[in-house]
Structures are given as structure tokens and as C-alpha cells.
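Laboratory data are not the source of any read-out in this text; all were calculated from the coordinates shown. Just so we're clear, the structure is a prediction, and the values are computed from it rather than from any experiment. Backbone-built Cβ (ideal geometry, glycine too); neighbour counts: all protein chains shown.
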Amino acid sequence: MNLNRNPKQHKNNNGWSKMHGWMMDKLVDTEGALIPVNPEGPARLKPELDYQVFLENASRLMIRFKKPERLIRMIVNVIDEQLGISHAAILLHREHKNSFVLIDSKGESGVRIPVGFIRMTFENPLIKIFNERKNYFISETGVLVYDTLKALLKNKEAINGHREIADSIDLVIRQMELLKAIVCIPLYNKKNFIGVLVLGEKVSKHKFTRHEMGFFMTLANDAAMAIANAQLIESLQERVEEIKDLYNREHRIFIHTAIALAAAIDARDPYTHGHTERVTSYCLAVADELSGIPEALAYKNFKETLHIAGLLHDVGKIGTPDSILNKKGKLTKKEYERVKEHPVVGAAILSPIQELGDVAKEVKYHQERYDGKGYPEGIKGSDIPLIARIIAACDAFDAITSDRPYRQRKMAEIAIRELQANSGTQFDPLVVSAFLLAFEKGKILGSK
Amino acid sequence: MKKILVVDDEMEICDFVKHFFEERNYEVFTAFGGFDAIRVVKKEKPSLVLLDIKMSDMDGIETLEKIRQIDKNVNVIMVTAVEDKDKMQAAERLGARAYITKPLVLEELESAVMSYTKEQK
């Protein structure tokens with residue numbers, strides 16, 4: 001779509017206003033941006049003011065570009081189309097390649113350097129001089145201009161006693177010849193040298209004016225800032241994703257370890273097969289109904305703690321002998337005392353694991369009763385932590401609805417009635433009502 | 001004037017390299033693929049071929065094999081992407097003189113072409 005390549009269309013007197021117009025069109029087009037423009041039109045302003053208006057708008061608009069590549073393409077486009085130059089290219093530093101890579105270019109085929117075709121390393125004299133800021137010894141603005149460098153080398157007086165700089169100018173001239181560059185503009189963001197804008201000669205063969213040079217400098221500064229910001233945002237986003245992944249992976253490993261442990265406990269007790277899994281899912285369903293209450297909000301991570309505590313609430317049964325777990329008849333008093341040890345044993349197993357936080361405490365109290373007649377400590381009411389109270393109700397519900405050696409399977413309705421009957425005595429009434437809500441929503445037994 | 005042939009299926013690259021070496025006083029031919037390249041080698045007998053490894057019609061190694069059947073002595077410089085480096089052994093066996101990896105350093109391209117065209121005569 002390069003219909004504007006005819007140099008006659010790039011008249012100096014209205015170049016800036018055209019550039020301004022072009023930029024507005026492109027932005028309205030691609031970004032949906034609309035910036036108020038002087039209704040009388042910038043064409044009526046003096047040329048110097050004209051490009052200042054353009055610059056002000058440009059720097060404001062640059063912030064809108066989230067993708068630096070799009071911004072770069074736009075800068076190169078503006079310069080190429082409006083100034084009528086043989087070719088333009090922009091190279092940006094790519095950390096993972098440890099070099100400067102050509103990101104975008106413009107110009108006639110053959111003169112234009114193909115995108116991705118060349119790279120420049122830090123040993124390249126042109127890159128080196130910009131990176132070491134020695135360009136400021138040669139040029140006040142830091143912009144390197146081919147003709148000026150040539151003239152400087154011829155001026156014996158100026159370079160006398162500065163052999164080193166003269167040598168590097170010579171090498172830079174050679175690099176500019178390779179690129180067919182007339183002007184090279186460095187892009188700095190704060191302390192970092194992040195890229196270079198390369199411009200070929202004007203199609204009209206005219207020299208670049210002082211105004212144009214100043215414009216390039218300002219544009220380069222703004223562009224550098226926008227590019228650096230965009231890159232920063234991009235790398236921050238990548239970092240956030242990485243951390244998220246890492247957390248998710250670790251979390252998955254942790255939950256799976258807990259599940260494996262729970263399954264190991266379940267496996268020892270053939271009559272309660274799947275007990276832990278079911279209790280955990282009931283707990284999570286009840287938690288959904290309670291997640292807004294102050295007591296739940298007081299937990300650092302209510303759901304997470306509940307999930308793990310649910311999975312591990314019977315881990316202390318690891319210390320209960322098989323002969324007791326598998327016994328078909330009623331337990332003797334002594335045997336029952338052994339079973340009652342499991343919450344304390346479980347808490348003892350889990351408490352050294354710092355990462356588990358409150359989990360050990362919840363495991364310890366999941367056999368307490370709301371009226372204080374439970375074990376191991378006989379604490380009551382809200383002295384029993386909320387998660388332990390939830391586990392207690394869900395544990396009881398599953399005991400009633402599952403086949404056990406000492407009790408035939410009962411219907412869920414009977415279990416619900418039992419929960420209601422013991423609400424306020426064995427169970428926390430709040431937990432029971434949350435359980436009923438979840439049950440009615442079909443979250444407890446999917447089929448119901 | 002020394003003749004060189006640039007083989008690449010990207011027209012933009014052919015154009016750029018052609019222009020680049022014409023300014024350095026070479027006669028430059030271009031070919032957009034393997035078959036085209038073989039035809040030009042037969043007809044123009046260039047003293048050097050810049051040969052891209054990855055091409056759609058016939059890959060660089062196969063093209064080099066066919067070029068060797070026509071001209072045993074022509075200097076060939078392979079142009080490769082980093083990931084094609086393993087193919088360089090095959091290219092070397094077929095007598096490729098050097099390889100340049102893309103994205104390339106312009107100076108290296110220039111000096112490689114100059115040094116392998118200089119030694120010929």
C-alpha cells in the first residue's frame with residue numbers, strides 16, 4: 001500500500017501536518033484511539049510548531065501501544081512514508097540472542113534489509129560506540145550522521161591527538177556503509193541501550209534538516225521509553241505466569257500426596273472404602289455455604305485448609321492395629337480407647353509440617369462434640385475450630401450412609417434426620433443448616 | 001567481473017543480497033529454488049554460490065549434490081538457520097566451503113564471499 005513513495009509528495013512545508021494526519025488515521029484505524037486535534041487543522045501552523053504538535057500527540061499516543069512491535073512498525077512507517085527515504089530499519093536488543101536483531105524495515109526491495117536477516121553483536125563498532133556512549137563525544141545529540149563523520153575524519157585538527165576516536169569513527173563509517181545508512185539514531189531507556197534506528201538517504205537526495213534531526217531524537221526517546229515499558233510489562237506478565245505455574249504444580253503435588261496418604265489409610269479399612277474421599281467432598285460442599293461467615297474469613301486460606309484437613313483427618317489411624325480396624329463385632333472398651341487415640345496421633349504426625357498450618361489442630365478436634373462430650377479434650381462450642389466442626393458432621397453423615405461392620409447402611413434421609421436431631425448437641429447448628437442447604441442443592445449425594 | 005549466485009526462496013533476501021554485492025562489483029544472479037539454481041550454474045558458471053539450506057522445492061543439501069554433478073569446483077557457502085546446523089556435516093562432505101547462520105552478521109557475509117572469490121584467480 002505504499003502509494004505515497006513519490007518524493008514530490010513530501011514537500012517540506014506540509015510534511016509534519018501530513019505526518020500528523022497519517023498518524024491520526026492509522027490510530028483511529030488500528031487502535032480506536034481518538035485524540036482531539038486543533039479544529040483549524042495543524043496545516044495552518046508554522047512548520048516548527050507543526051512538528052511540535054505532532055510530537056506532543058505522538059508521545060501521548062505511544063503509551064497506548066501495548067505491543068512494542070506495533071509501535072515500532074508505526075514509527076518506521078511514519079518516517080519512511082513522510083520523509084521519503086530510500087530505506088529505514090530498526091534493530092532491537094534481544095537478550096536471549098545476545099545481539100541486536102532487525103525488527104522492521106521499509107524501502108524498495110533490494111535496498112530494504114529483510115526482517116530477521118541480519119543481527120549485530122556487541123562487538124559491532126556501531127553498537128559498541130552507542131553502548132559505551134562514545135557517540136556523545138562525536139555528536140551533541142548522540143545521533144550519528146554519515147556526512148558529519150566523513151567530514152570529521154578529514155578535519156586533521158579536530159582528530160589530532162584523538163587517535164582512538166578517529167579509529168572508531170572509521171569503523172563506524174564502514175558499518176554505516178554496509179547498512180547504507182545516512183543517519184543512525186540510538187534508542188536509550190534510562191541507562192540501557194536498547195536499539196538503533198537506521199535511516200538511508202532521502203529519495204530527493206536532500207540532507208536531513210536540523211528540525212528533522214531534533215524530531216528524530218525526541219521520537220527516539222519517547223519510543224525507547226514506550227518499548228522499554230512494553231517489554232517490562234511483557235516480562236512481568238511472563239514472570240507472573242511462571243510463578244502461577246510453579247505454585248499450581250507444587251500445590252498439585254501437595255494435594256496428590258495428601259490424597260495418596262488418605263488412600264493408604266482408607267485401604268487398611270476395607271469397610272470404609274472411599275470414606276476419606278467422600279467426607280472431603282461433603283466438607284467442600286458445606287464450606288461453599290459457609291465461606292462468607294467471619295469465622296471462615298478468619299482463616300488464612302479456609303477452603304485449602306479444609307480440603308487438606310478433610311483428606312488427612314483420619315491419618316492417625318495409621319497407629320490403630322489392623323485387628324481393631326477389621327473387627328466385625330462390637331469393639332471392647334479397651335479397643336474403643338485405642339480408636340479414640342487417632343485424632344491426637346494424627347495431629348502429632350502433622351504438626352511438624354509447618355506448611356500445613358492449622359491442619360493439625362483441625363485433625364486433632366474433629367471428634368469433639370458441640371456440647372463438649374467428645375474427645376480428646378472435651379472442648380465445646382466455638383472453642384472447637386470451625387473446620388473440625390464441619391468434618392465432625394460430614395464424618396458422621398458418611399458413617400451412617402456407608403456400610404460399616406457394626407451398622408447396616410441407612411438411607412440418607414435417616415442420616416439427615418440424625419444430623420437434625422443432634423444439632424446443637426453433637427453438632428454445630430450452623431454447620432448442620434449449611435449441610436442441609438448443600439444437601440438440598442444436590443451437592444452432597446449427586447444422585448439425590 | 002566475478003559471478004556469484006544467490007539461492008534463497010525468499011525473494012526479498014535474494015534482492016537484498018544481489019543489490020549488496022552488485023555495489024561491490026560482482027555480477028549477481030539469483031535463483032528462488034534448487035531447480036532454478038542448477039539451471040543458472042549450468043548456464044552462467046558462477047565462481048561462488050550462496051545456498052540457503054531450507055527451501056521449499058528442493059532442500060539445500062540436495063541442490064548442492066546436483067550442483068556438484070555439474071561443477072566439482074564451484075565455491076559454495078551454505079546459509080543456515082541455527083536449528084539446521086546438523087545438516088552442515090552433509091554439506092561439508094559435499095565440499096561446502098563455509099556456512100553462515102541466519103540472522104547473519106553482514107560483515108561476515110561480505111568477507112566470506114570476498115575471500116572465496118579472491119583465491120580462485
With DSSP loop assignment and no more than 13 other C-beta atoms within 10 Å, the chymotrypsin sites (Phe, Trp or Tyr not before Pro) in segment A:153-208 are none
Once both label points are put 7 Å beyond Cα along the C-beta direction, the B:Arg39-B:Lys3 separation in nm becomes 1.5
Here the whole-number average of other chain Cβ atoms within 10 Å per Cβ of A:143-154 is 0
Taking a crude spin-label model, label points 7 Å out from Cα along the C-beta direction, the A:Glu95 to B:Gln69 distance in nm is 5.1
Taking a ≥ b ≥ c as the square roots of the Cα gyration tensor eigenvalues, with a/c under 1.5 meaning rounded and otherwise prolate when a/b beats b/c or oblate if not, segment A:269-440 comes out oblate
At 25 °C and 0.890 mPa s, the Stokes-Einstein diffusion coefficient in µm²/s for chain B, with hydrodynamic radius from the Kirkwood sum on alpha carbon pairs, is 176
So the FRET efficiency between B:Glu10 and B:Ser111, C-beta based with R0 = 25 Å and rounded to 0.05, is 0.65
Quick calc: nm separation of the 7 Å Cα→Cβ label points for A:Gln354 and A:Ala263 -> 3.0
Taking 0.36 nm per residue of separation between A:Lys373 and A:Leu437 and subtracting their Cα-Cα distance, the length gained on full extension comes to 20.4 nm
Within 10 Å of the Cβ of an average residue in A:109-122, the count of other chain Cβ atoms is 6
Here the whole-number average of other chain Cβ atoms within 10 Å per Cβ of B:105-114 is 3
Segment A:338-370 and segment A:95-136 have their Cα centres apart by a whole-number Å value of 64
Once A:Lys328 and A:Ala158 are pulled to full extension, the length gained, defined as 0.36 nm per residue separation minus their Cα-Cα distance, is 50.7 nm
FRET efficiency (B:Glu62, A:Glu177; Cβ distance; R0 51 Å; to 0.05) is 0.90
Surpassing 19 Å at the alpha-carbon level, of the pairs A:Lys106/A:Lys202; A:Lys180/A:Lys207; A:Lys150/B:Lys2; A:Lys202/B:Lys2; A:Lys180/A:Lys202; A:Lys340/A:Lys361, are A:Lys150/B:Lys2; A:Lys202/B:Lys2
FRET efficiency for A:His206 and B:His19 from the Cβ-Cβ distance with R0 = 25 Å, rounded to 0.05, comes out at 0.65
